[in-house]
1. Please enumerate the residues belonging to segment 70-106 that are under 20 Å from VAL177 (Cβ atoms), hydrophobic (A, V, I, L, M, F, W, C) and outside any helix (DSSP H, G or I).
2. Restricting attention to segment 78-108, which residues are of a type in the set (D, E, K, R), farther than 16 Å from PHE120 by Cβ and in contact with a helix residue (DSSP H, G or I) (Cβ under 8 Å, 6 or more places away or on another chain)?
3. Only residues that are at negative phi, more than 23 Å from the chain's Cα centre (by Cα) and touching a residue at least 40 places away in the same chain (Cβ under 8 Å): list them for segment 208-243, please.
4. Among what's in segment 93-109 and is without any contact (Cβ under 8 Å) to a residue 24 or more places away in the chain and under 23 Å from PHE163 (Cα atoms), pick the residue that is nearest to the chain's Cα centre (by Cα).
5. Collect the residues in segment 160-180 that are more than 24 Å from the chain's Cα centre (by Cα), of a type in the set (D, E, K, R) and surrounded by fewer than 18 Cβ atoms within 10 Å (Cβ to Cβ), keeping them in residue-number order.
6. Within segment 181-204, is there a residue that is in contact (Cβ under 8 Å) with a residue 12 or more places away in the chain, in contact with a Pro (Cβ under 9 Å, 6 or more places away or on another chain) and surrounded by 13 or more Cβ atoms within 10 Å (Cβ to Cβ)?
7. From the residues in segment 229-256 that are among the small types (Gly, Ala, Ser) and surrounded by fewer than 16 Cβ atoms within 10 Å (Cβ to Cβ), which one is nearest to TRP159 (Cα to Cα)?
8. Please return the ranges of strands (runs of 3 or more DSSP E) entirely within segment 173-238 where 2 or more residues are in contact with a helix residue (DSSP H, G or I) (Cβ under 9 Å, 6 or more places away or on another chain).
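Just so it is clear, none of the values below were taken in a lab; they were calculated from the coordinates. The model shown is predicted, which means the values in this text are computed figures rather than measured ones. Cβ atoms come from the backbone with ideal geometry, glycine included; neighbour counts cover every protein chain shown.
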Amino acid sequence: MRRYSVRLLTMLCVMLCVGGLNGCNKSAKNQTSEEVVVQSQTVQVQTTEQSSESNNEGGNDMELTQEYVCSEFGISESEFEGVDFDHFVDYYGLTYENIHNEMVAYLLQEYKKNNGEIEFYDYKYMYNSDKDAVLTLDNQNSISIVFFAQIEDDLKSFWIFDFEKGIKIIGTGTENVIHKDSIVATLTPEHKEQILELFEKYDVYTWYENREELNSGDWYLSVKFQDGTIALVSGSTKDSGVDFDGLLSEITDIGE
């Protein structure tokens with residue numbers, strides 16, 4: 001009986017030890033697995049942060065550099081010799097957001113040919129509207145360009161108040177590329193205030209609110225904000241509640 005008890009106790013001890021070892025092994029495996037998961041997550045987070053930082057390089061908060069432009073468009077550094085790069089960028093309104101829509105090599109050639117005196121002003125981008133962008137009382141003070149276009153007998157007429165360059169332009173044509181001779185006045189902040197007063201008088205803000213109901217095609221009103229966003233509304237002179245002709249008749253005299 002005593003021998004049997006001893007054997008039984010021995011067997012129990014062996015079973016407990018084996019179970020303990022298995023438990024330890026499982027715990028070790030689980031711990032190792034958890035460490036791998038944590039390390040993997042850490043690597044993913046670091047990779048995401050690095051990717052985000054990489055994507056932000058050359059982002060909205062940075063200025064264009066000559067090195068970036070040369071690299072992106074395959075232009076030799078020597079092509080910019082004697083060119084005031086900052087003036088070149090400012091004159092054409094180039095930013096990280098719009099530069100890939102432009103023929104930079106051609107603009108550089110024209111800039112050098114005219115010794116930095118721009119012959120033509122390109123406002124085609126004023127049709128590149130952010131579909132969610134609207135003009136409101138809250139953002140009206142950040143307007144940098146006001147662009148009007150009207151189509152009569154297949155001829156487009158333009159009235160452009162460019163407060164970035166401080167110029168007023170009146171022109172006609174099929175494209176929104178306008179010769180420098182179309183500059184008719186120099187603009188001041190007071191002229192901008194006059195425009196905003198007329199926007200309120202004609203309740204232009206409701207035009208943006210109801211733009212989906214307008215019949216587009218006869219006239220365009222586009223504004224560019226200081227952050228580069230463009231808000232566009234267009235319609236027909238037959239649209240009820242929209243007195244585009246009245247607004248245009250008063251606003252075209254501003255600055256002259």
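1. Once the filter is applied, which keeps residues that are under 20 Å from VAL177 (Cβ atoms), hydrophobic (A, V, I, L, M, F, W, C) and outside any helix (DSSP H, G or I), segment 70-106 yields LEU94, MET103.
2. Result: GLU79, single match.
3. Those that are at negative phi, more than 23 Å from the chain's Cα centre (by Cα) and touching a residue at least 40 places away in the same chain (Cβ under 8 Å): ASP218, TRP219, ASP243.
4. My answer is GLU102.
5. Scanning segment 160-180 gives a single hit, LYS180.
6. The answer is no, given that none of the residues of segment 181-204 is in contact (Cβ under 8 Å) with a residue 12 or more places away in the chain, in contact with a Pro (Cβ under 9 Å, 6 or more places away or on another chain) and surrounded by 13 or more Cβ atoms within 10 Å (Cβ to Cβ).
7. SER249
8. By residue number, 219-225, 230-235.
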